[in-house]
Amino acid sequence: MPFLLKLLVTILLSFPLPVLAGESVPRYAVARQPTPVLNTPTFAAVFGGKDGATLKLDRCGQIRELEFIALPGTVFRIEATLPQGPATIYRVTSSDYPYPSKTGYYIDSRFVTASQEQPPERARRLPLRKTIIAALLAAQGESYVWGGNVSEGVPEMGKFYPPKTGSSPTSGQWTLAGLDCSGLLYEATGGFTPRNTSALVRYGRGISIAGLTASEIVQKVEPLDLIVWDGHVQIVLDRERLIESRLKCNGSGGVIVRPLREALTELVRHRKPLDAYGTAGKGKGFVLRRWFPAKP
């Protein structure tokens, strides 16, 4: 091959070809495995940073860019495709996470299968009450992870974004192993319940508790009732106990079981029991929601 022709071929192969007019661009994607959804497209800046070994953490040691972890079968609508080095990032929306966003939601294409045709939505089946309670109790002791809803995390984060120095790719934080408060319930129900407390405050039906004492509220609860406000949820196990995942900036947070009466007594010191969220004083209030059994 003549030298100039060989040089031209080498140059052409060194650059990606542009998308040609009429070429198929994927419109949908389906999660093949647990798929982290971030509120930023710069995954490498969060998992590695400038030195390739640093996680982007807030003052409480949390990755605030993580929104949730989509379960296998979750369907995404692709809004934009953003090449980033070895990865392609999709800007997406999903009915599994129907919350407004100023920045948008983003996934790494290596976690999903893209397609032109719209796939069926992820099947949602409500487990038995005893199965949910067993799953909640099995999570006891798990770390608190903002946006986390898969106890074992996502090991592939260590493969796709391996830390260059100083941190193990299998460390819990790097692989997002742990649960936040609503993620605890989301995992236990197999993704049946809403993912965020902003939806849980109106999920199911409200139980009248306005003006009641902690002891009076205890007499009204049933297993799996939610004691919830916009920002946190506690899940009733029975009239003796509740379970929650608490964030504590001193490093002692995580999934714990607490005496129900003790937790409610503490709560009513700071928050007002309401019959419905959205009534006066909701900023310092909480509600009791009964959702089991429920439709998705």
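No value in this document is a laboratory result; all are computed from the given coordinates. Since we're looking at a predicted model, the values are computed, not measured. When we count neighbours, we look across all protein chains shown, and the Cβ atoms used for this are built from the backbone with ideal geometry, even at glycine.
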- Note on the structure: The value for the chain (convex hull of the alpha-carbon atoms, volume per residue, Å³) is 162
- Note on the structure: Semi-axes in Å, largest first, for region 58-148 (Cα gyration tensor, √(5λ)) are 27, 20, 12
- Item | About the Cα centre, charge dipole magnitude for region 26-115 (Lys/Arg +1, Asp/Glu -1 at Cβ), debye | 100
- Message: On a 29 Å Cα-Cα criterion, which of the cross-link pairs Lys56/Lys272; Lys248/Lys272; Lys130/Lys220; Lys50/Lys159; Lys130/Lys159; Lys130/Lys272 come out too long?
- Response: Lys56/Lys272; Lys130/Lys159; Lys130/Lys272
- Between Lys164 and Ala87, Cβ-based FRET efficiency (R0 22 Å, step 0.05) works out to 0.85
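Counting only DSSP beta bridges with both residues in region 152-296, tell me the antiparallel percent, nearest 5. Don't jump to the answer; show the numbers that get you there.
Values: 18 of 20 bridges.
Antiparallel bridges: around 90 percent, rounded to the nearest 5.
Taking 0.36 nm per intervening residue step and subtracting the Cα-Cα distance, what contour gain separates Ser252 from Glu152 on full extension?
34.1 nm
Quick one: divide the alpha-carbon radius of gyration of region 158-235 by 2.2 N^0.38 Å and tell me what you get. Walk me through the numbers before you get to the answer.
On the way: Rg = 18.0 Å, N = 78, 2.2 N^0.38 = 11.5 Å.
After normalising by residue count via 2.2 N^0.38 Å, the value is 1.56.
Take Val30, Val287 and order them by how many other Cβ atoms sit within 10 Å, fewest up front. Walk me through the numbers on the way to the answer.
On the way: Val30 20, Val287 27.
Lowest to highest Cβ neighbour count: Val30, Val287.
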- Volume per residue, Å³, of the convex hull around the alpha-carbon atoms of region 116-184? 123
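Using a simple charge model, +1 on the beta-carbon of Lys and Arg, -1 on the beta-carbon of Asp and Glu, nothing else, what dipole does region 167-296 show about its Cα centre, in debye to the nearest 20? Can you show the working numbers first?
Values: 18 positive and 12 negative charges, 67 e Å.
So the dipole magnitude of region 167-296 works out to roughly 320 debye.
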- Query: Based on the Cα gyration tensor of region 80-233, what are the three equivalent ellipsoid semi-axes, each the root of five times an eigenvalue, rounded to whole Å and given largest first?
  - Reply: 34, 20, 15
- Using the alpha-carbon atoms, what tilt in degrees (0 to 90, nearest 10) does helix 3-13 show relative to the longest principal axis of the chain? 10
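Rounded, prolate or oblate for region 196-296? Axes are the square roots of the Cα gyration tensor eigenvalues, ordered a ≥ b ≥ c, and the cut-off for rounded is a/c under 1.5. If you can, show how the numbers build up before the last one.
Numbers: a/c = 1.22, a/b = 1.21, b/c = 1.01.
Since a/c stays below 1.5, the shape of region 196-296 is classed as rounded.
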- Of Ser198, Leu128, Thr165, which is farthest along the charge dipole of the chain in the positive direction, counting Lys and Arg as +1 and Asp and Glu as -1 at C-beta? Ser198
- Note on the structure: Taking GluC sites (Glu not before Pro) as exposed when in a DSSP loop with at most 16 other Cβ atoms inside 10 Å, the chain has its longest clean stretch at 24-116
- Task: Sort by residue number and report every cysteine in the chain with no other cysteine beta carbon within a distance under 4.7 Å.
- Result: Cys181
